[in-house]
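**Q** Handing you a structure now.
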Amino acid sequence: MSIDALLKIKNYEKVVYILRRHGITFFPYVVIFLAILFIPVAVYILFSSAFASTMQNPITYPIMIIVASAYYLSALLFFYAFFVEFYLDSWIITNDRLVDIRQISLFERTVAEVDLYQIQDVSSEVHGFFPTIFNYGDILLQTAGPIPKFIIRNVHRPDKLREVIVELASEDKKFHAGK
């Protein structure tokens with residue numbers, strides 16, 4: 001889906017950043033997915049050595065294959081759902097507003113936006129070993145608008161992004177003060 005379909009960009013507005021979560025934050029899901037994929041292989045190895053006669057039975061062996069196939073399809077479906085949530089969560093920063101697009105599930109999305117001139121405070125947080133090493137973290141925005149707190153989670157270089165948002169917000173405040 002294009003940006004134009006999600007939000008109507010005003011004639012004086014230009015997109016400055018399109019942000020997504022840092023890719024390394026999806027790595028734990030990949031590790032869990034690979035571990036889940038290994039479980040049927042381990043069960044097969046255990047069953048083939050302990051219950052060799054059951055594995056050669058013409059009824060139980062096809063049933064085990066069907067169960068394992070259903071298990072793999074379910075694991076793949078859940079991994080795909082997590083990937084869609086990860087990939088479609090995004091934040092769009094323009095010279096006039098910040099748009100938070102949050103993919104909640106496969107068929108549910110929320111879009112919230114705040115005008116930059118309403119931003120009162122911007123802070124960035126980097127907590128932990130991996131966020132420090134890979135330079136990702138959260139940005140917290142205090143606003144005077146209807147949504148009092150915006151959180152941009154797990155973005156790359158949060159300190160630099162905080163500075164850009166503060167600069168854009170001050171420019172937008174000057175623009176709105178001149179109106």
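**Q** Check whether at least one residue in the range 88-99 is part of a helix (DSSP H, G or I), touching a residue at least 60 places away in the same chain (Cβ under 8 Å) and on the phi < 0 side of the Ramachandran plot, and report yes or no.
**A** For the range 88-99, residues part of a helix (DSSP H, G or I), touching a residue at least 60 places away in the same chain (Cβ under 8 Å) and on the phi < 0 side of the Ramachandran plot: absent.
**Q** Go through (1) under 22 Å from Phe79 (Cα atoms); (2) in contact (Cβ under 8 Å) with a residue 40 or more places away in the chain; (3) exposed (fewer than 12 other Cβ atoms within 10 Å of the Cβ) and name the single condition Phe33 misses.
**A** It fails just one condition, (3).
**Q** Residues to consider are Val155, Val164; find the one that is touching a helix residue (DSSP H, G or I) at 6+ places or on another chain (Cβ under 7 Å) and either in a loop (DSSP other than H, G, I, E, B) or closer than 19 Å to Ile18 by Cα (or both).
**A** Exactly one of Val155, Val164 is touching a helix residue (DSSP H, G or I) at 6+ places or on another chain (Cβ under 7 Å) and either in a loop (DSSP other than H, G, I, E, B) or closer than 19 Å to Ile18 by Cα (or both), namely Val155.
**Q** So, in the range 139-152, how many residues would count as being assigned to a strand (DSSP E or B), surrounded by 13 or more Cβ atoms within 10 Å (Cβ to Cβ) and either outside the structural domain of Leu168 (by TED's automatic domain parsing) or not hydroxyl-bearing (Ser, Thr, Tyr) (or both)?
**A** 6
**Q** Related question: Looking at (1) surrounded by 10 or more Cβ atoms within 10 Å (Cβ to Cβ); (2) of a type in the set (S, T, N, Q); (3) farther than 30 Å from Phe86 by Cβ, find the lone condition where Ser74 falls short.
**A** Here Ser74 meets the rest and fails (3).
**Q** Out of (1) without any contact (Cβ under 8 Å) to a residue 60 or more places away in the chain; (2) closer than 30 Å to Ala169 by Cα; (3) not aliphatic (A, V, I, L, M), the odd one out for His22 is which?
**A** For His22, the failing item is (1).
**Q** Hey, among Pro62, Pro40, Pro58, which residue is assigned to a loop (DSSP other than H, G, I, E, B) and over 21 Å from Thr143 (Cα atoms)?
**A** It is Pro58.
**Q** Taking Ser49 as the residue in question, decide whether it is part of a helix (DSSP H, G or I), of a type in the set (Gly, Ala, Ser), outside the structural domain of Gly145 (by TED's automatic domain parsing) and at pLDDT 90 or above.
**A** no
**Q** Could I ask something else about it? Could you say which residue among Tyr136, Tyr80 is within 19 Å of the chain's Cα centre (by Cα) and either loosely packed, with under 13 Cβ neighbours inside 10 Å or modelled with pLDDT under 90 (or both)?
**A** The unique qualifying residue is Tyr80.
The values are calculated or read from the model by the stated rules, or taken from the named source; none is laboratory data. It should be emphasised that the depicted structure is a prediction, and the values quoted were computed from it without experimental measurement. Here the Cβ is made from the backbone with ideal geometry for all residues, glycine too, and neighbour counts use every protein chain on show.
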